[in-house]
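Asker: First the structure, then my questions, so here it is.
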Ligand code: SF4
Ligand code: SF4
């Protein structure tokens, strides 16, 4: 069943006219990576300590939306690697994202949402209770948690649990296809063998943590000083990403969400685990 699910995700992306930049100049995403985690993984309880007590387990999300007790199940996660042409377009930018990058943030996230809904419907048709955490009534954002802005479900932490990558200095997830991507997940009562986590530790794909002081290229890429050797200042980043950038270029690019991605392009981890 893991192979069938992986194939369903990959064929949705490969054969879909929605996976195109609005000007038709190329794809939004390359072939996805797919991973699986179990509800029983102790990491999901540990996230209550690491992220905050508000972070939900997959069992709570499933039970909260479809009813019943908190049973067994799996989290299905994917990585949509941003296409090479889009990444290249962002490499030379120094203040605002490129037009193509913003198209991926806006149209690409809509496509990612279509994939979430497609997969949930496909699994439901086969009799498996399935919920999309990102669109659950239980999903909410907290602006002032102990770890700054956070939400009741983290796609990044789910993907880490599913063995798809490790965390980075700039608060991303470095996968085998790099850090420039969009992530998605669904939770289901279907029991699947989890993908093993093979990384030596939770930050081992980031050069800065693997060899203290090495790299740090993303620090220099940030135009507003949100990145330092101490990590990522979410407040400064958000002001730029959700305030300054949209005000400057959203209407020119004809999008509402622009993203930024400067610290995810022209860096050693852009399209691979360095
Ligand atoms: S650019 Fe270097 S320090 Fe920054 S996230 Fe990538 S590997 Fe880590
Ligand atoms: S997304 Fe942009 S503003 Fe935020 S840390 Fe990266 S480069 Fe800086």
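Every number here is computed from the coordinates shown, using simple stated rules; none is lab data. Just so you know, these numbers come straight off a predicted model, no measurement behind them. No Cβ is skipped: glycine too gets one built from the backbone with ideal geometry, and neighbour counts run over all protein chains shown.
Asker: For residue 221, work out the one condition from (1) without any contact (Cβ under 8 Å) to a residue 60 or more places away in the chain; (2) surrounded by fewer than 16 Cβ atoms within 10 Å (Cβ to Cβ); (3) within 16 Å of ligand 1 (Cβ to nearest atom) it doesn't fulfil.
Answerer: (2)
Asker: Residues that are crowded, with 23+ Cβ neighbours inside 10 Å and within 16 Å of ligand 1 (Cβ to nearest atom): does segment 140-162 have at least one?
Answerer: Yes.
Asker: Okay, next question. Residues in segment 122-139: is at least one buried (at least 22 other Cβ atoms within 10 Å of the Cβ) and either under 20 Å from residue 29 (Cβ atoms) or within 15 Å of ligand 1 (Cβ to nearest atom) (or both)?
Answerer: No, segment 122-139 contains no residue that is buried (at least 22 other Cβ atoms within 10 Å of the Cβ) and either under 20 Å from residue 29 (Cβ atoms) or within 15 Å of ligand 1 (Cβ to nearest atom) (or both).
Asker: Please find, among 260, 237, 269, 215, the residue that is within 14 Å of ligand 2 (Cβ to nearest atom) and touching a helix residue (DSSP H, G or I) at 6+ places or on another chain (Cβ under 6 Å). Even if it seems obvious, please write down each step before you answer.
Answerer: Working: 237 fails: touching a helix residue (DSSP H, G or I) at 6+ places or on another chain (Cβ under 6 Å); 269 fails: touching a helix residue (DSSP H, G or I) at 6+ places or on another chain (Cβ under 6 Å); 215 fails: within 14 Å of ligand 2 (Cβ to nearest atom).
Just a single option satisfies the conditions, and that option is 260.
Asker: Being more than 9 Å from ligand 2 (Cβ to nearest atom) and within 18 Å of residue 88 (Cα to Cα): is that true of residue 252 here? Reasoning before the result, please.
Answerer: On the way: more than 9 Å from ligand 2 (Cβ to nearest atom): yes; within 18 Å of residue 88 (Cα to Cα): no.
Taking the combined requirement at face value, the residue does not satisfy it.
Asker: Name the residue, out of 142, 138, that is touching a strand residue (DSSP E or B) at 6+ places or on another chain (Cβ under 6 Å) and over 21 Å from residue 32 (Cα atoms).
Answerer: Values: 138 fails: touching a strand residue (DSSP E or B) at 6+ places or on another chain (Cβ under 6 Å).
Answer to the selection: 142.
Asker: Condition first: assigned to a loop (DSSP other than H, G, I, E, B) and more than 20 Å from the chain's Cα centre (by Cα). Now tell me which residues in segment 21-53 satisfy that. Can you show your working first?
Answerer: As a first pass, look at segment 21-53 and keep what is assigned to a loop (DSSP other than H, G, I, E, B): 21-26, 28, 30-32, 39-42, 51-53.
Correct list: 22, 23, 24, 25, 26, 40, 42, 53.
Asker: Filter segment 15-35 for residues that are in contact with a strand residue (DSSP E or B) (Cβ under 9 Å, 6 or more places away or on another chain) and either closer than 20 Å to residue 155 by Cα or in contact (Cβ under 8 Å) with a residue 12 or more places away in the chain (or both) and give the result.
Answerer: Going through segment 15-35, the residues in contact with a strand residue (DSSP E or B) (Cβ under 9 Å, 6 or more places away or on another chain) turn out to be 19-21, 26-35.
Listed by number, the residues that qualify are 19, 21, 26, 27, 28, 29, 30, 31, 32, 33, 34, 35.
Asker: Those residues that are more than 24 Å from residue 108 (Cβ to Cβ) and within 11 Å of ligand 2 (Cβ to nearest atom), I need them from segment 218-234; list them, please.
Answerer: The initial filter retains those residues of segment 218-234 that are more than 24 Å from residue 108 (Cβ to Cβ), namely 219-220, 225, 228-231, 233.
The answer is 219, 220, 225, 228, 231, 233.
Asker: Moving on to the next point. Are any residues in segment 252-266 within 16 Å of ligand 1 (Cβ to nearest atom), in a helix (DSSP H, G or I) and within 15 Å of residue 100 (Cβ to Cβ), and if so, which ones?
Answerer: Restricting attention to segment 252-266, the residues satisfying the condition of being within 16 Å of ligand 1 (Cβ to nearest atom) are 260-266.
Retained after the next criterion (residues that are in a helix (DSSP H, G or I)): 262-264.
Correct list: 262, 264.
Listed here are the residues, each with its yes/no results for (1) within 23 Å of residue 77 (Cα to Cα); (2) part of a helix (DSSP H, G or I); (3) more than 16 Å from ligand 1 (Cβ to nearest atom).
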| residue | (1), (2), (3) |
| --- | --- |
| 198 | yes, no, yes |
| 208 | no, yes, no |
| 225 | no, no, no |
| 235 | no, yes, yes |
| 239 | no, yes, yes |
| 250 | no, yes, yes |
| 270 | yes, no, no |
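Asker: Still on this structure, please answer the following. When residues of segment 128-159 are filtered for being out of contact with any helix residue (DSSP H, G or I) (no Cβ under 8 Å at 6 or more places or on another chain) and in a helix (DSSP H, G or I), how many remain?
Answerer: Of the residues in segment 128-159, 2 are out of contact with any helix residue (DSSP H, G or I) (no Cβ under 8 Å at 6 or more places or on another chain) and in a helix (DSSP H, G or I).
Asker: Continuing with the same structure: In segment 186-198, what residues are surrounded by 15 or more Cβ atoms within 10 Å (Cβ to Cβ) and free of Cβ contacts under 8 Å to residues at least 60 places away in the same chain?
Answerer: Matches in segment 186-198: 197 only.
Asker: In addition: Would you please name the residue that is nearest to residue 218 (Cα to Cα), looking only at residues in segment 163-172 that are surrounded by fewer than 24 Cβ atoms within 10 Å (Cβ to Cβ) and within 16 Å of ligand 1 (Cβ to nearest atom)? Lay out the reasoning, then the answer.
Answerer: Of all residues in segment 163-172, those surrounded by fewer than 24 Cβ atoms within 10 Å (Cβ to Cβ) come to 163, 166-167, 171.
Add one more test, that the residue is within 16 Å of ligand 1 (Cβ to nearest atom), and what stays is 166-167, 171.
Working: 166: 16, 167: 14, 171: 11 Å.
So, considering only residues that are surrounded by fewer than 24 Cβ atoms within 10 Å (Cβ to Cβ) and within 16 Å of ligand 1 (Cβ to nearest atom), the one nearest to residue 218 (Cα to Cα) is 171.
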